[in-house]
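A short worksheet on the structure shown next.
The values are calculated or read from the model by the stated rules, or taken from the named source; none is laboratory data. As the structure is a prediction and not an experimental result, all values here were calculated from the model. Glycine gets a Cβ as well: all are built from the backbone with ideal geometry, and neighbour counts include every protein chain shown.
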């Protein structure tokens with residue numbers, strides 16, 4: 001997919017390969033590289049997967065593999081949590097029993 | 001500079017010189033004897049006096065947050081306490097700071113100092129609310145800001161809470177460098193300091209701690225004014241130790257010498273903080289024992305040569321609660337008091353609900369922070385994420401919760417309790433760390449006095465420990 005120069009993108013890079021990592025790491029962490037993700041404006045037309053340069057929000061130019069065009073925030077408020085939903089009425093029925101007794 | 005000069009070992013070996021340039025503090029000036037250190041002199045000479053801190057914070061709208069009485073929660077606590085028990089619970093609504101948490105106080109002095117000394121920008125290493133605080137302060141002062149976060153595991157998965165904290169930093173104009181799990185975040189932090197020549201807006205510099213003194217001071221003076229007495233206790237959420245240290249120093253500056261300083265953390269024992277697999281099994285990304293314990297017993301593991309956050313100098317108690325109890329407290333704050341805030345800020349509220357039961361009903365107990373909430377940074381977001389990571393979420397006895405396996409939310413407020421840590425054990429563990437690799441024959445009186453101040457004991461406690469160690 002072709003991404004145009006100037007687009008807001010995310011890049012990815014390896015900071016330390018597994019062999020370059022610190023000593024005394026837990027086994028599972030030792031087996032994976034230290035990776036970096038940064039967002040910024042793409043400095044040239046490029047395809048996802050290519051090495052590119054970006055300019056970050058503070059003007060720094062950094063390099064990495066182009067991974068996402070226009071990265072969206074994918075987190076949200078989550079799903080309704082049944083374990084939380086009734087806490088309010090449970091407690092209010094104790095404090096204000098007249099008004100909230102039906103919820104006991 | 002060649003790539004060769006940037007290997008992990010090479011950069012970490014240059015740590016001290018990089019730090020000196022990035023902070024401009026000569027820590028050696030305060031050293032005495034073999035390991036001794038004049039902590040108060042450092043705070044006095046490098047930090048700012050309280051009045052100056054207040055003035056600087058007012059420039060950017062930081063502080064003077066509301067201290068709100070939890071009328072319904074207090075009533076609930078009294079309904080389940082012995083007659084005459086159940087202290088009034090107050091909450092300092094720190095979410096109303098410009099960046100949404102008390103961390104704005106910490107960032108205020110650092111960014112002010114960086115601007116005054118002519119730095120182009122500031123860098124902070126944090127996955128927490130501190131990032132937003134530094135970004136916010138930098139925005140107000142027209143400075144550049146980089147936040148380095150530990151964000152993803154090796155699958156590229158991140159906690160919604162941390163992703164939100166990254167988003168807000170960008171929204172406030174910062175560059176956010178997101179890394180995968182590992183202590184080498186510190187290495188990348190050093191690389192960036194060296195490359196950019198920016199100021200190290202460390203959480204643990206004297207500025208990062210002096211900034212919190214206003215929080216303790218505001219609490220103490222307002223409680224005395226409104227209730228005609230000192231707070232019986234102030235509960236601070238404890239992670240890296242700055243919150244407890246700065247708050248306690250501010251309380252002392254308001255001459256509340258009888259106020260008990262209680263540190264509270266979420267119990268995450270069993271989860272390894274540097275483990276790629278454990279990283280996303282926790283439902284709290286700060287205020288937990290994974291930071292709390294190591295920083296309590298060895299503060300100098302931080303990103304500055306000498307940490308200004310030294311909790312053992314101040315705490316009277318250290319308590320832990322379960323993740324389930326904190327989510328329950330967060331829900332209480334929203335549904336009984338009408339204040340919707342983020343979960344991490346409710347850690348000390350959960351502890352206060354349990355501890356208020358022990359105190360008399362004419363006493364006052366203060367929860368010293370809240371944090372902002374939003375997408376990602378909300379109990380529903382964190383618990384939805386937990387369920388997706390295979391963690392069981394259920395109602396029941398919170399003590400049955402196992403970090404990384406289950407979150408058990410209380411069925412009733414009577415199930416809320418705190419677990420007390422033996423502070424003497426923490427003190428001994430501090431001494432063990434402080435004296436590791438030290439030839440005890442080289443220690444002079446000032447070293448012993450320093451260690452005694454560090455753990456708030458007299459020097460005979462330290463001498464006895466050393467004698468036992470030598471035998």
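Checking the structure you have, find out if any residue of the range B:168-175 is without any contact (Cβ under 8 Å) to a residue 40 or more places away in the chain, surrounded by 22 or more Cβ atoms within 10 Å (Cβ to Cβ) and within 12 Å of chain A (Cβ to nearest Cβ).
Just the residues of the range B:168-175 that are without any contact (Cβ under 8 Å) to a residue 40 or more places away in the chain, to begin with: B:169-171, B:173, B:175.
Adding the requirement that they be surrounded by 22 or more Cβ atoms within 10 Å (Cβ to Cβ) leaves B:169, B:175.
Still in the running and within 12 Å of chain A (Cβ to nearest Cβ): B:169, B:175.
The answer is yes, given that some residue of the range B:168-175 is without any contact (Cβ under 8 Å) to a residue 40 or more places away in the chain, surrounded by 22 or more Cβ atoms within 10 Å (Cβ to Cβ) and within 12 Å of chain A (Cβ to nearest Cβ).
Take residue A:15 and decide whether it is free of Cβ contacts under 8 Å to residues at least 12 places away in the same chain, at the interface with another protein chain (Cβ under 8 Å from one of its Cβ atoms) and crowded, with 20+ Cβ neighbours inside 10 Å. So residue A:15 does not fit the description; no.
Only residues that are in a helix (DSSP H, G or I), more than 14 Å from every other protein chain (Cβ to nearest Cβ) and under 14 Å from residue B:240 (Cβ atoms): list them for the range B:292-323, please.
Taking the range B:292-323 as the starting set, the residues that turn out to be in a helix (DSSP H, G or I) are B:292-297, B:299-301, B:311-313, B:323.
Okay, now just the ones that are also more than 14 Å from every other protein chain (Cβ to nearest Cβ), so B:292-293, B:295-297, B:299-300, B:311-313.
B:292, B:293, B:295, B:296, B:297, B:299, B:300, B:311, B:312, listed by residue number.
In the set (1) more than 9 Å from chain B (Cβ to nearest Cβ); (2) at pLDDT below 95; (3) under 27 Å from residue B:188 (Cα atoms), the condition left unmet by residue A:74 is number (1).
Scanning the range B:324-350 for residues that are out of contact with any strand residue (DSSP E or B) (no Cβ under 8 Å at 6 or more places or on another chain) and either closer than 14 Å to residue B:268 by Cβ or assigned to a helix (DSSP H, G or I) (or both) yields B:329, B:330, B:331, B:332, B:334, B:335, B:336, B:346. Scanning the range B:269-276 finds no residues that are at pLDDT below 95, in a helix (DSSP H, G or I) and in contact with a strand residue (DSSP E or B) (Cβ under 9 Å, 6 or more places away or on another chain).
For first residues located in the range B:368-387 and at the interface with another protein chain (Cβ under 7 Å from one of its Cβ atoms), partners that are part of a strand (DSSP E or B) and at pLDDT below 95 and lie 6+ apart or on another chain with Cβ distances below 7 Å do not occur. State whether one or more residues within the range A:85-92 are closer than 30 Å to residue B:275 by Cβ, in contact with a strand residue (DSSP E or B) (Cβ under 8 Å, 6 or more places away or on another chain) and facing chain B (nearest Cβ under 9 Å). No, the conditions are met nowhere in the range A:85-92. The condition of being at pLDDT 95 or above and more than 19 Å from residue B:111 (Cα to Cα) holds for only one of B:218, B:170, B:175, that being B:218. Take the conditions (1) in contact (Cβ under 8 Å) with a residue 24 or more places away in the chain; (2) loosely packed, with under 15 Cβ neighbours inside 10 Å; (3) within 30 Å of residue B:330 (Cβ to Cβ); residue B:72 misses just one of them, which is (2).
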